[in-house]
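Okay, structure first, notes after.
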Amino acid sequence: MANTGGVNRNHDRSFSQKLTFALIHAGIVAICLWLALGAIDWLNPMRARLLSFCAILYWLRHCVTLFVFLKRRIEYAEVFGLCLFMAIFEIGFLLLGAGVFAADRSPLGAMDGIAVMLVLLGSYLNTGSELQRWKWKENPSTKGQCYTEGLFGYAMHINYFGDTVLFIGWAILAASIFAWSIPIFVTAGFIFLHIPALDTYLSKRYGAEFDEYAKKTAKFIPFLY
């Protein structure tokens, strides 16, 4: 079993696991919509609705990743573990932004406009880079080669960096210091767990081709790290 970074990297359709993942995540998003659009009189109703939009966008991207881009096997342990994490941050962000623990209203302002742009930019960096790689991999002439082009030419793990940008924007929208625990936790997981494990796996799979790419390309943040 090619298990690196806590995930199984063997190729497998895992359709039942993916469907279960998508449906549970859809249920979490439905709860977010019910909280944002239901009869509850929130302190910050517009912020709650904006945060529910973020959850919908994240679910749509998740479905594309599961059923189009992702070729590796997904285990049920991964499904349930990540669903729990998604429930914590998607519902948690919404409740924080809605003002469940706040004493005063937090009206939308210029900083929230920046936050929305970060959410959209992060979504593009992650899903856009994956789309570029998927289209390249679908070409029979590139089968078995290491993809180093497009957005991945700026950083080896630009997709992970995209999620960090996304979560920073999402945390800003939540308007609570407690929300910052999520982007910090996610980024630390990328840097200290997932990236080292994935680099080891890719080096073994692609050999000198990947090692040369790693020497000349930023690892996580374009032009910086």
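Annotations
- For the range 10-41, the candidate set comprises residues that are part of a loop (DSSP other than H, G, I, E, B) and of a type in the set (A, V, I, L, M, F, W, C); within that set, the residue that is surrounded by the most Cβ atoms within 10 Å (Cβ to Cβ) is 40.
- With respect to (1) within 18 Å of residue 170 (Cβ to Cβ); (2) in a loop (DSSP other than H, G, I, E, B); (3) of a type in the set (Gly, Ala, Ser), the lone exception for residue 115 is condition (2).
- Contact annotation: residue pairs with Cβ atoms under 9 Å, 6 or more positions apart or on different chains, pairing a residue in the range 189-204 that is free of Cβ contacts under 8 Å to residues at least 12 places away in the same chain and within 18 Å of residue 146 (Cβ to Cβ) with a partner that is part of a helix (DSSP H, G or I) and aliphatic (A, V, I, L, M), are 203/214.
- Cβ-Cβ under 7 Å pairs, at least 6 apart or on other chains, the range 175-187 side under 15 Å from residue 112 (Cβ atoms), far side buried (at least 20 other Cβ atoms within 10 Å of the Cβ) and among the charged types (D, E, K, R): 175/47
- Residues considered: 121, 82, 70. Of these, the only one that is farther than 17 Å from residue 171 by Cα, of a type in the set (A, V, I, L, M), modelled with pLDDT of 95 or more and under 16 Å from the mean Cα position of the chain (by Cα) is 82.
- Of all residues in the range 215-225, those that are part of a helix (DSSP H, G or I) and buried (at least 16 other Cβ atoms within 10 Å of the Cβ) total 0.
- Within the range 125-135, the set of residues being of a type outside the set (Gly, Ala, Ser) and either in contact with an Asp or Glu (Cβ under 6 Å, 6 or more places away or on another chain) or buried (at least 16 other Cβ atoms within 10 Å of the Cβ) (or both) comprises 125, 126, 127, 130, 131, 132, 133, 134.
Conditions tested, residue by residue: (1) touching a Leu at 6+ places or on another chain (Cβ under 9 Å); (2) crowded, with 21+ Cβ neighbours inside 10 Å; (3) over 21 Å from residue 215 (Cβ atoms).
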position	(1), (2), (3)
143	no, no, yes
148	no, no, no
158	yes, yes, no
180	no, no, yes
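- In the range 18-39, the residues that are farther than 28 Å from residue 7 by Cα and touching a residue at least 24 places away in the same chain (Cβ under 8 Å) never reach a residue that is surrounded by fewer than 18 Cβ atoms within 10 Å (Cβ to Cβ) and of a type in the set (Lys, Arg) with C-beta atoms less than 6 angstrom apart, at least six apart or across chains.
- When 79, 68, 100 are checked against the criterion of being outside any helix (DSSP H, G or I) and either out of contact with any strand residue (DSSP E or B) (no Cβ under 7 Å at 6 or more places or on another chain) or surrounded by 18 or more Cβ atoms within 10 Å (Cβ to Cβ) (or both), 100 stands alone in meeting it.
- Residue 90 more than 15 Å from residue 29 (Cβ to Cβ), touching a helix residue (DSSP H, G or I) at 6+ places or on another chain (Cβ under 8 Å) and among the acidic types (Asp, Glu): no
The values are calculated or read from the model by the stated rules, or taken from the named source; none is laboratory data. Because the structure is a prediction, the values reported are computed rather than measured. Counting neighbours? That spans all protein chains shown, and the Cβs are built from the backbone with ideal geometry, glycine included.
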